Amino acid sequence: MHELGIAQNILQIVQQAVPETGAPCVRIIRIRVGQLSGVVPDSLDFCFSAIVNDTEMKQARLEIEQVPLTSECRDCRQRFPINELDFFCPACKSTNLELVSGRELEVVEIEMADESDGTP
Ligand SMILES: [Zn+2]
């Protein structure tokens, strides 16, 4: 399954970014997913919960931000969102376009619990 591999990737990134002792403090992992990556957020969420359950990070959850497809016209530099079949520039009708967003798959932020809660 596509999403399972991605979930494992995300877990690896977080494990590298957070020291081992910090793992139980990870609360929220914010990720950005481009529409073109083909990831189904619900499915990714489900896979991630399943794999973190065996780790110190089982309380962590994903917060998934979907990034819409955006294109830039190479002729007039207009930027616009792409709606499926409208693959031309709304300003000059050019089809000389460049995809500027929509392929993202990245960890944006890892939110940790406040550790100053009484333990010395
Ligand atoms: Zn244009």
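The values are calculated or read from the model by the stated rules, or taken from the named source; none is laboratory data. Source: prediction; values computed, not measured. FYI the Cβ positions are ideal-geometry reconstructions off the backbone, even for glycines, and counts take in every protein chain you see. We work out accessible area using only protein heavy atoms, side chains counted, and drop any ligands, DNA or RNA first. Shrake-Rupley method; radii C 1.70, N 1.55, O 1.52, S 1.80 Å.
Near Cys92, within a Cβ-to-Cβ distance under 11 Å, what is the net charge of the other residues, with Lys and Arg +1 and Asp and Glu -1?
Summing Lys/Arg as +1 and Asp/Glu as -1 gives +2.
For Ile51 and Gln8 in the same chain, what is the full-extension length gain: residue separation times 0.36 nm, less their Cα-Cα distance, in nm?
14.7 nm
Dimensions of the chain along principal axes (Cα, Å, largest first)?
Cα extents, longest axis first: 63, 32, 19 Å.
Remind me, relative contact order of the range 1-93 in percent, using alpha carbon pairs under 8 angstrom and six or more residues apart?
29
Say we join alpha carbon atoms closer than 10 Å with springs in a Gaussian network model of the chain; which of Glu98, Glu56, Glu65 then has the biggest fluctuation?
Comparing Glu98, Glu56, Glu65 in a Gaussian network model of the chain, the most mobile one is Glu98.
How much accessible area per residue does the range 66-115 have, in Å², with a 1.4 Å probe?
Accessible area per residue: 69 Å².
What is the extension gain from Lys58 to Ala17, computed as 0.36 nm multiplied by their sequence separation minus the C-alpha to C-alpha distance, in nm to one decimal?
The span from Lys58 to Ala17 would gain 13.1 nm if fully extended.
Given the rule -39500 (n - 2.57) for each run of at least 4 DSSP H residues, summed and divided by the residues of the chain, what is its mean residue ellipticity at 222 nm, to the nearest 500 deg cm²/dmol?
Mean residue ellipticity at 222 nm (helix-derived): -7500 deg cm²/dmol.
To the nearest 10 degrees, how steep is helix 41-52 against the longest Cα principal axis of the chain, on a 0 to 90 scale?
Here the helix axis deviates by roughly 20 degrees.
Residues with beta-carbon under 12 Å from that of Val33, excluding Val33: net charge, scoring Lys, Arg +1 and Asp, Glu -1?
Summing Lys and Arg as +1 and Asp and Glu as -1 gives -4.
I want the antiparallel fraction of DSSP beta bridges within the chain, as a percent rounded to 5.
65
Per the 1.4 Å probe, what fraction of the accessible area of the chain, in percent, lies on carbon and sulfur atoms?
That share works out to 49 percent.
Solvent-accessible area of Lys58, probe 1.4 Å, all protein chains present, reported in Å² to the nearest ten, please.
120
Just reorder Glu109, Glu20 by solvent-accessible area, largest first, 1.4 Å probe, all chains present.
Greatest to least solvent exposure: Glu20, Glu109.
Give me the angle, in degrees from 0 to 90, between the Cα long axis of helix 2-17 and the longest principal axis of the Cα atoms of the chain, rounded to the nearest 10.
Helix 2-17 sits at roughly 60 degrees to that axis.
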